[in-house]
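Right, one structure below, let's go through it.
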Amino acid sequence: MDFFPFILSFIFIILHLSGQRVVQGEVDIQHHHHREPITKLFVFGDSYVDTGNLNKKGFSPSWKQPYGITFPGKPSGRFSDGRVLTDYIAEYLNVKLPASYSKREHVAPHQLKNGMSFAFCGTGVFETLNQGPNMTTQIDFFQKEIEDEVFTTSDFINSVALVSVAINDYNRYTTKNGSIEGLPSLISSVVNQTITNLIRIKELGVKKVIISNLLPLGCLPYETTSSSFKQCNETTNNLIVTYHNTLLTEAVKKLNQQIKDHSSSPFIVLDIYDSFRWVLKHPSTYNINNDLKPCCIGVSSKYFCGMVVEKVKMYKVCENPKAAIFWDMGHPTDAGWHAVFTRLRITNALEHIHDH
């Protein structure tokens, strides 16, 4: 994604014209002493939160070696060498990992007591380059489960939804050579539809809805390959990520202000961006190398992590995945997610999930 340098100022012009302020993507948090245990977690979105919804028989590398080598020791459908954001959020909430929607007919009823994940890798708010249910369809799945009484009103008393979405919407746009001039309109559409989706999840009964903002996309390996993984593409971060995160934060803030009960905020922005930036600036704090290079990479640009041709591995894996922040060209390692999650905890970004 190589945009012209002189366009860098474009996003700030748009922000000025739209009356938006560039902020860090944080929502004002009110601290309350009354804490309720979370009993169910529902997950929507893309590969950053998908814990295994893709079909094992498909072509997804997430079900192939070397994915999952750190955890659980074999491929598990996660786009990582180990855990993803959902795993760490579930652990923090003291909730066992929710069942995957695609496996719902093969699990015992008691396994549904932890909630359900409707997230599918490669999906977005709208249609993307990958086949899979977009977020609207994922919520349709959720609604059908409620209509079929798989989940009832009592299941939502202390429930949380985790949402990670939008990166694939922007990937589709840039891959299809969408114009820079059209970006603000796309970003507005993505954020507006995201807000509509969050409201719908809440109206279906979930008490707290967490939406992660965009991580610094310009720092992902597929964006830094042109610099031999030495520096982030700040043009991408400025043109897409800053604007998206600003609009999302402002929209969620307004949404919470419209809620009649101001004792707590039902919609929460999880500032993944800020935590990622911190980890990238202070990698040694988390025993991570100061390197943007992915741990698992194709032997040439024609190949990718997990790819095998005529029984020959066309990829190579670094010696120590625990010292890398990125696993493949678009996803963090287990260690990367752990570092980001640790930073989120230090900043108390997760505390208000329990506000009641």
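The values are calculated or read from the model by the stated rules, or taken from the named source; none is laboratory data. Computed from a predicted structure; not experimentally measured. Note that we place each Cβ from the backbone using ideal geometry, even for glycine, and neighbour counts take in every protein chain shown. SASA here: full protein model, heavy atoms, side chains in, ligands and nucleic acids out. Shrake-Rupley method; radii C 1.70, N 1.55, O 1.52, S 1.80 Å.
One line per residue, one yes/no per condition, for (1) open to solvent by 20 Å² or more (accessible area, probe 1.4 Å); (2) on the phi < 0 side of the Ramachandran plot; (3) within 16 Å of the chain's Cα centre (by Cα); (4) touching a residue at least 12 places away in the same chain (Cβ under 8 Å):
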| position | (1), (2), (3), (4) |
| --- | --- |
| LYS311 | yes, no, no, no |
| VAL317 | yes, yes, no, yes |
| ALA324 | no, yes, no, yes |
| MET329 | yes, yes, yes, yes |
| TRP337 | no, yes, yes, yes |
| PHE341 | no, yes, yes, yes |
| ARG345 | yes, yes, no, yes |
| ASN348 | yes, no, no, yes |
| HIS354 | yes, yes, no, yes |
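Between ILE180, ILE187, which is within 23 Å of the chain's Cα centre (by Cα) and either among the charged types (D, E, K, R) or under 26 Å from GLU223 (Cα atoms) (or both)? Break it down into steps so the answer makes sense when it comes.
Values: ILE180 fails: within 23 Å of the chain's Cα centre (by Cα).
When all the criteria are applied, what remains is ILE187.
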Tell me yes or no: at least one residue of the range 335-352 is among the small types (Gly, Ala, Ser), in contact with a strand residue (DSSP E or B) (Cβ under 8 Å, 6 or more places away or on another chain) and under 15 Å from PHE71 (Cβ atoms). yes
Qualifying helices (runs of 4 or more DSSP H) (wholly inside the range 189-281; at least 3 residues being farther than 25 Å from ILE146 by Cα, of a type in the set (Val, Ile, Thr) and open to solvent by less than 50 Å² (accessible area, probe 1.4 Å)): 242-257
Among residues of the range 72-115, those that are touching a helix residue (DSSP H, G or I) at 6+ places or on another chain (Cβ under 6 Å), surrounded by fewer than 20 Cβ atoms within 10 Å (Cβ to Cβ) and of a type in the set (A, V, I, L, M, F, W, C), counted: 1
Being in contact (Cβ under 8 Å) with a residue 12 or more places away in the chain and surrounded by fewer than 20 Cβ atoms within 10 Å (Cβ to Cβ) is true for just one of PHE126, PHE142, PHE151, PHE118. Which residue is that? PHE126
Scan the range 161-175 and tell me whether some residue there is part of a loop (DSSP other than H, G, I, E, B), open to solvent by 50 Å² or more (accessible area, probe 1.4 Å), modelled with pLDDT of 95 or more and not small (Gly, Ala, Ser). no
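Residues are listed down the side, and each one gets a yes or a no for (1) modelled with pLDDT of 75 or more; (2) under 20 Å from the mean Cα position of the chain (by Cα); (3) exposed (fewer than 14 other Cβ atoms within 10 Å of the Cβ); (4) within 30 Å of ASN158 (Cα to Cα):
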residue	(1), (2), (3), (4)
PHE6	no, no, yes, no
ARG21	no, no, yes, no
VAL43	yes, yes, no, yes
TRP63	yes, yes, no, no
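From the set of residues in the range 96-115 that are part of a strand (DSSP E or B) and either free of Cβ contacts under 8 Å to residues at least 60 places away in the same chain or basic (Lys, Arg) (or both), which is farthest from PRO61 (Cα to Cα)?
ALA99
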Can you spot a residue in the range 244-252 that is in contact with a Phe, Trp or Tyr (Cβ under 8 Å, 6 or more places away or on another chain), aliphatic (A, V, I, L, M) and modelled with pLDDT of 95 or more? yes
Could you list, in sequence order, the residues of the range 165-201 that are over 30 Å from ASP155 (Cα atoms) and of a type in the set (S, T, N, Q)? ASN168, ASN171, THR174, THR175, ASN177, SER179, SER185, SER188, SER189
